[in-house]
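The values are calculated or read from the model by the stated rules, or taken from the named source; none is laboratory data. Just so it is clear, the structure is predicted and the values come from calculations on it, not from any experiment. Every residue, glycine as well, gets a Cβ built from its backbone with ideal geometry; the counts of neighbours run over all protein chains shown. These accessible areas exclude ligands, DNA and RNA; they are computed on the full protein's heavy atoms, side chains included. Shrake-Rupley method; radii C 1.70, N 1.55, O 1.52, S 1.80 Å.
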Amino acid sequence: MVTSKNTNINILLYHQIGDAPESDTNLDCFCSSKEFHLQMAFLKNSEFTVITLREALDKILHKKVIDKNYVVLTFDDGCERFYDITFPILDSFNFPATVYPITGFLGDFLTKEGKSYPHLKILSRSMLIDLSKVGVEIGAHTVNHLRLTNVTEKDAEYQIKYSKEYLEQLLGTKIDSFSYPHGDYNREIIKIVKESGFTNGLTCKSGFAQDAQSIFEIPRKYITYFDTIENFIHKLY
């Protein structure tokens, strides 16, 4: 068992989990299922305790004593393979997770700037409902995965508010958490996120979660295709 003098909250950021990446896959957004299983096995047999995002944010927001090393598992975009590859692995370890699907592509292939990505199909509505029923927390990640600081205020409001409203109507539950696409945000975007009714916002900035500048600027640590189990463990400290 690895031990540490300090105790922290790590929120890990994943995207796609699969057997092998396609030729045009962004490797920073891919983790092999084999490595992912090794990472989860390490967490299960280490000093780290995997908790829900809600539990972690409660500790941060109310400045509770962080008496253990905690880990939160988050997955951006909502890749369909979460349903048949990632979740079964998580379930085998009894680990909770939070998924941030792109609502404009549910059940369809992601399209960016007119280009379709056939290897990146987003979870369907029925899959999201199933996952929500078994305890997977669902957050919002906009409608079209745009860089929010590059669009008009009106468009940013639509991307943020409608993704929340859509998921709440679909799942019949409140959607509290927002993940900034591309980690792109500024003060104006945070203001819209707050006014839309979200209680927290997750970034792509690396760091321990309890060191967040605000509850709408929560750091996460990116896990990529290049992270061996040794790199993975190093990132936790």
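Taking the range 21-72 as the range and being touching a Phe, Trp or Tyr at 6+ places or on another chain (Cβ under 9 Å) and charged (D, E, K, R) as the test, the residues that pass are GLU22, ASP24, ASP28, GLU35, LYS44, GLU55, LYS59, LYS68. If we scan the range 194-217, do we find a residue that is touching a helix residue (DSSP H, G or I) at 6+ places or on another chain (Cβ under 7 Å), acidic (Asp, Glu) and open to solvent by less than 60 Å² (accessible area, probe 1.4 Å)? Checking the range 194-217: not a single residue is touching a helix residue (DSSP H, G or I) at 6+ places or on another chain (Cβ under 7 Å), acidic (Asp, Glu) and open to solvent by less than 60 Å² (accessible area, probe 1.4 Å). For the range 150-171, a tally of residues being open to solvent by 70 Å² or more (accessible area, probe 1.4 Å) and over 20 Å from the mean Cα position of the chain (by Cα) returns 7.
Beta carbons closer than 6 Å, at least 6 apart along the sequence or on distinct chains, pair a first residue in the range 20-36 that is under 20 Å from CYS204 (Cα atoms) with a second that is among the hydrophobic types (A, V, I, L, M, F, W, C) for CYS31/ILE17; CYS31/ILE223; PHE36/ILE17.
Of the residues LEU38, LEU53, which single one is touching a strand residue (DSSP E or B) at 6+ places or on another chain (Cβ under 7 Å) and aliphatic (A, V, I, L, M)? Give the steps one after another, and end with the answer.
Numbers: LEU38 fails: touching a strand residue (DSSP E or B) at 6+ places or on another chain (Cβ under 7 Å).
Of the residues listed, the single one that is touching a strand residue (DSSP E or B) at 6+ places or on another chain (Cβ under 7 Å) and aliphatic (A, V, I, L, M) is LEU53.
Taken together, VAL65, VAL71, VAL99 contain a single residue that is within 21 Å of HIS182 (Cβ to Cβ) and either open to solvent by 40 Å² or more (accessible area, probe 1.4 Å) or of a type in the set (Val, Ile, Thr) (or both), which is VAL99.
Name the strands (runs of 3 or more DSSP E) wholly within the range 1-115 that hold at least 2 residues that are of a type in the set (A, V, I, L, M, F, W, C)? Talk me through it step by step, then tell me what you get.
Values: elements: 9-14, 16-18, 30-32, 48-50, 69-77, 98-101, 109-112.
Because the criterion is at least 2 residues that are of a type in the set (A, V, I, L, M, F, W, C), the strands (runs of 3 or more DSSP E) in the range 1-115 that meet it are 9-14, 30-32, 48-50, 69-77, 109-112.
Of all the residues in the range 175-202, those that are without any contact (Cβ under 8 Å) to a residue 24 or more places away in the chain and either farther than 20 Å from ILE11 by Cβ or touching a strand residue (DSSP E or B) at 6+ places or on another chain (Cβ under 6 Å) (or both) number 3.
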